[in-house]
Amino acid sequence: GAVVSQHPSWVICKSGTSVKIECRSLDFQATTMFWYRQFPKQSLMLMATSNEGSKATYEQGVEKDKFLINHASLTLSTLTVTSAHPEDSSFYICSAMDRAGEQYFGPGTRLTVT
Amino acid sequence: KQEVTQIPAALSVPEGENLVLNCSFTDSAIYNLQWFRQDPGKGLTSLLLIQSSQREQTSGRLNASLDKSSGRSTLYIAASQPGDSATYLCAVRTSYDKVIFGPGTSLSVIP
């Protein structure tokens, strides 16, 4: 089946720094990718929809200047958390949609901001 | 606006029991419904995907049903094992590109 990878799987950074998370579709092309965030003991919440070659669409309440999304190719989308703060510590999961419209989820990236 | 709920929030059962997890959604116009498993600190493992035209799907000891008209889905786990302990999430795909997750049910299977 289709595989989606994320890198890194976990990262610790200091407050004020920026962190980039990659989401790759390994064996299919994904014109659309999605970014979710999961806080402890809570479910996944959609942050933004990323379309290849165009600007991402952010959900209400998500700061687009803080969470920069780039979908530069059909197999790669990146999420950059800028000027990270402890409250940004979370589990970030991406999903990628293939041409048939099926979505496949990545394994997630755990971000801890100290 | 689609809302997805799951009952119970937590469940503890002795090994070997059969159990049912429930998922409800408010808008019956869905593309599909998917059940996931999430182990602590880990990502999602897809268990079963039910298309809107289907009534149920089965995989091994797992059986998921879908009743769109009532806005409900159940995940049945037969002969539970300690290795089944995890959080189970249901996710409703409401349109071509929107997936709404439920809050999850935390399952503990006691040896």
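The values are calculated or read from the model by the stated rules, or taken from the named source; none is laboratory data. All values derive from a computational prediction rather than experimental measurement. Heads up, the Cβs are rebuilt from the backbone with ideal geometry, glycines too, and the neighbour counts pull from every protein chain shown. These accessible areas exclude ligands, DNA and RNA; they are computed on the full protein's heavy atoms, side chains included. Shrake-Rupley method; radii C 1.70, N 1.55, O 1.52, S 1.80 Å.
With N as its number of residues, the protein assembly as shown has a Cα radius of gyration that, divided by 2.2 N^0.38 Å, comes to 1.02. The convex hull of the Cα atoms of region A:9-89, projected and averaged over all directions, covers 5.6 nm².
How many partner chain Cβ atoms sit within 10 Å of a residue's Cβ in peptide B:50-59, on average, as a whole number?
Rounded to a whole number, the mean comes out at 0.
For B:Arg72, the solvent-accessible surface computed with a 1.4 Å probe is close to 150 Å², ligands and nucleic acids excluded.
If you put +1 on each Lys and Arg Cβ and -1 on each Asp and Glu Cβ, how big is the dipole of region B:18-111 around its Cα centre, in Debye rounded to 20?
60 debye
In this simple spin-label approximation, A:Asn70 and B:Ser28 carry label points 7 Å from Cα along the Cα→Cβ vector, and these lie 4.7 nm apart. Charge dipole of the protein assembly as shown (Cα centre as origin; +1 on each Lys and Arg Cβ, -1 on each Asp and Glu Cβ, all else neutral): 220 debye, rounded to the nearest 20.
Please identify which residues in region B:13-48 have an amide N closer than 20 Å to a label point set 7 Å out from the Cα of B:Ser69, following the Cα→Cβ vector. So the set is B:23-33. Under the criterion of Cα pairs below 8 Å and six or more residues apart, the relative contact order for chain B equals 37 percent. When chain B is treated as a GNM with alpha-carbon contacts under 10 Å, the residue of B:Lys98, B:Lys68, B:Lys42 showing the greatest mean-square fluctuation is B:Lys42. Protein heavy-atom accessible surface, 1.4 Å probe, per residue over chain A: 49 Å². Against the criterion of solvent-accessible heavy-atom surface with a 1.4 angstrom probe, B:Leu11, B:Leu107 sort, most first, into B:Leu11, B:Leu107. Computed from phi, the 3J(HN,Hα) profile of region A:92-98 under the Karplus parametrisation 6.51, -1.76, 1.60 (θ = phi - 60°) reads 10, 10, 10, 9, 10, 9, 8 Hz, with x in place of Gly and Pro.
Estimate the FRET efficiency between A:Met45 and A:His7 by the formula 1/(1 + (r/R0)^6), using the beta-carbon distance for r and 30 Å for R0, to the nearest 0.05.
Rounded to the nearest 0.05, the efficiency is 0.85.
What FRET efficiency comes out for the pair B:Ser52/A:Lys55, r = Cβ-Cβ distance, R0 = 25 Å, nearest 0.05? The value I calculate is 0.25.
Neighbouring Cβ atoms from other chains, within 10 Å of the Cβ of residues in A:35-43, number 3 on average.
Region B:1-31 and region A:66-102 have Cα centres separated by 28 Å. With Cα atoms as the point set, chain B shows a radius of gyration and Dmax of 13.3, 42 Å. Here the relative contact order of chain A, from alpha carbon pairs under 8 Å that lie six or more residues apart, stands at 37 percent.
Order A:Thr78, A:Thr57 by their accessible area, 1.4 angstrom probe, all chains in place, largest first.
From most exposed to least exposed: A:Thr57, A:Thr78.
Over region A:18-73, with every protein chain in place, what whole percent of the accessible area is carbon and sulfur at 1.4 Å, could you tell me? Mind showing how you got there, number by number?
Details: 1450 of 3130 Å².
Result for region A:18-73: 46 percent of the exposed heavy-atom area is carbon or sulfur.
For the residue pairs B:Lys1/B:Lys68; A:Lys66/B:Lys1; A:Lys14/A:Lys41; B:Lys1/B:Lys98; B:Lys42/B:Lys98, the C-alpha atoms sit more than 18 angstrom apart in A:Lys66/B:Lys1; A:Lys14/A:Lys41; B:Lys42/B:Lys98. Largest mean-square fluctuation among B:Arg93, B:Arg55, B:Arg37, in a Gaussian network model of chain B whose springs join Cα atoms under 10 Å apart, belongs to B:Arg55. Taking only protein heavy atoms and a 1.4 Å probe, the accessible area of chain B is 49% carbon and sulfur.
Interface of A with B. Using a 1.4 Å probe and counting protein heavy atoms only, the two chains hide about 1300 Å² of accessible surface, both sides summed. Accessible-area rank, largest first, for A:Lys66, A:Lys55, A:Lys14: A:Lys55, A:Lys14, A:Lys66, with all protein chains present and a 1.4 angstrom probe.
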